[in-house]
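Below is one structure; the comments refer to it alone.
The values are calculated or read from the model by the stated rules, or taken from the named source; none is laboratory data. Nothing here was measured: the structure is a model prediction, and the numbers come from that model. Every residue, glycine among them, receives a Cβ derived from its backbone with ideal geometry; neighbour counts consider all protein chains shown. Heavy atoms of the whole protein, side chains included, go into the accessibility calculation; ligands, DNA and RNA do not. Shrake-Rupley method; radii C 1.70, N 1.55, O 1.52, S 1.80 Å.
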Amino acid sequence: MKIAVFDTKSYDIESFKETRERFMKEIEADNISVALDFQFFEDRLTEKTVKLAYGFDAVCVFVNDEINKKVIDTLVEYGVGIIALRCAGFNNVDIAYAKDRIKVVRVPAYSPYAVAEHAMAMLLTLNRKTNKAYIRTRDHNFRLDGLVGFDLHNKTVGVIGTGKIGQVFIDICRGFGMKILAYDKFPNTKLDVEYTDLDNIYKQSDIISLHCPLTDETYHIIDTESINKMKKGVIIINTSRGALIDAVALLEGIRDKDIGGACLDVYEEEAEVFYEDQSELIPTDEVLSNLIMMPNVLVTSHQAFLTREALNNIAYTTITNLIEWHDGHELVNEVMA
């Protein structure tokens, strides 16, 4: 089975090669024989690069690959039988158009701890300004002016989305003694948390953390209207999908001092920027540049997933998905329209 893996970095290649060796030993022990031939491309899968998929049985893609109707048609024309997402989200794939044309699978859970812990790490860094303190002390500047934060204890955190990542984040917040409000379209009745509506989340929360998928309903769930309902000085955390937040509205809210800070691991126009070294280029996205320049905004490059455990789980589940398809078994992690 020949698999074209798009938008890859060194850590992807390492984890897939290591996991393939481990997987092949397990397969051999069960007397099953299948060869997994991965070819890694740095390019994202787009209309311009889809020609690279010619001659492959499967493609493996990530969060910023663009799998639209034209890309799907070309993949089908080439005889590609499956699109294997090595992530949980699938908003970058036209799932409705893919139906009955090509199989789509994903990795629904790789490490909720990785993402939830990164969300808390960003909050702690922004609040206690440890990033600024590090830079100061490197220059032997030991003044504390401008480094005042606040106790997380007894603050109210609104968690939007209570899937596996949201649940882990809630547990972490409990450890800090925080009050928790939650919203989910499908509340988990077994979860010991106070569910409420979005308006109440906006009005009562000192901190709002997004842990929901990007859908038509959640697109720009944080916009000018919702920001106007929020507590003055609220901190917003997004480690899910960039387009959950209207970046222009967020920037205006920060400039107007309605929003006290933002922790952004994702950005709605990140595809052409994140995961690449842009340090020698003149920035073209003014909104992103202005957000980065704000002293109360912390931006990371969609790295919340980036732990050894998560990478290994991503590779293992992706390979499992591909083997299931190759052997004609039920696709446990298939994405359905």
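Laid out as a table, the results:
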{"read-out": "Any hit, segment 8-30, residues being part of a loop (DSSP other than H, G, I, E, B) and within 28 Å of His302 (Cα to Cα)", "value": "yes"}
{"read-out": "Within segment 194-212, tally of residues that are of a type in the set (A, V, I, L, M, F, W, C) and open to solvent by 30 Å² or more (accessible area, probe 1.4 Å)", "value": "1"}
{"read-out": "In segment 259-273, the residues that are under 12 Å from Thr300 (Cβ atoms) and under 12 Å from the mean Cα position of the chain (by Cα)", "value": "Leu264, Asp265, Val266, Tyr267, Glu270"}
{"read-out": "Any pair with Cβ under 8 angstrom, 6 or more apart, that starts in segment 1-23 at a residue that is without any contact (Cβ under 8 Å) to a residue 60 or more places away in the chain and under 29 Å from Glu270 (Cα atoms) and ends at one that is of a type in the set (Ser, Thr, Tyr) and surrounded by 21 or more Cβ atoms within 10 Å (Cβ to Cβ)", "value": "none"}
{"read-out": "Matching residues, segment 113-142, being open to solvent by 70 Å² or more (accessible area, probe 1.4 Å) and among the polar types (S, T, N, Q)", "value": "Thr130"}
{"read-out": "Residues of segment 154-186 satisfying the condition of being open to solvent by 70 Å² or more (accessible area, probe 1.4 Å), charged (D, E, K, R) and in a loop (DSSP other than H, G, I, E, B)", "value": "Lys185"}
{"read-out": "Cβ pairs under 9 Å, 6+ apart, first in segment 224-241 and at positive phi, second surrounded by fewer than 22 Cβ atoms within 10 Å (Cβ to Cβ) and outside any loop (DSSP other than H, G, I, E, B)", "value": "Gly233/Gly260; Gly233/Gly261"}
{"read-out": "Answer from Lys2, Lys25 - the residue that is over 23 Å from the mean Cα position of the chain (by Cα), at pLDDT 95 or above and farther than 25 Å from Ala304 by Cα", "value": "Lys2"}
{"read-out": "Counted residues, segment 70-99 - those being over 23 Å from the mean Cα position of the chain (by Cα), on the phi < 0 side of the Ramachandran plot and not hydrophobic (A, V, I, L, M, F, W, C)", "value": "8"}
{"read-out": "Hits in segment 277-313 (condition: surrounded by 14 or more Cβ atoms within 10 Å (Cβ to Cβ), of a type in the set (Gly, Ala, Ser) and part of a helix (DSSP H, G or I))", "value": "Ala310"}
{"read-out": "Any hit, segment 259-266, residues being more than 25 Å from Phe305 (Cα to Cα) and either in contact (Cβ under 8 Å) with a residue 40 or more places away in the chain or buried (at least 19 other Cβ atoms within 10 Å of the Cβ) (or both)", "value": "yes"}
{"read-out": "Hits in segment 53-112 (condition: within 16 Å of Phe6 (Cβ to Cβ), open to solvent by 50 Å² or more (accessible area, probe 1.4 Å) and not in a loop (DSSP other than H, G, I, E, B))", "value": "Lys70, Tyr78"}
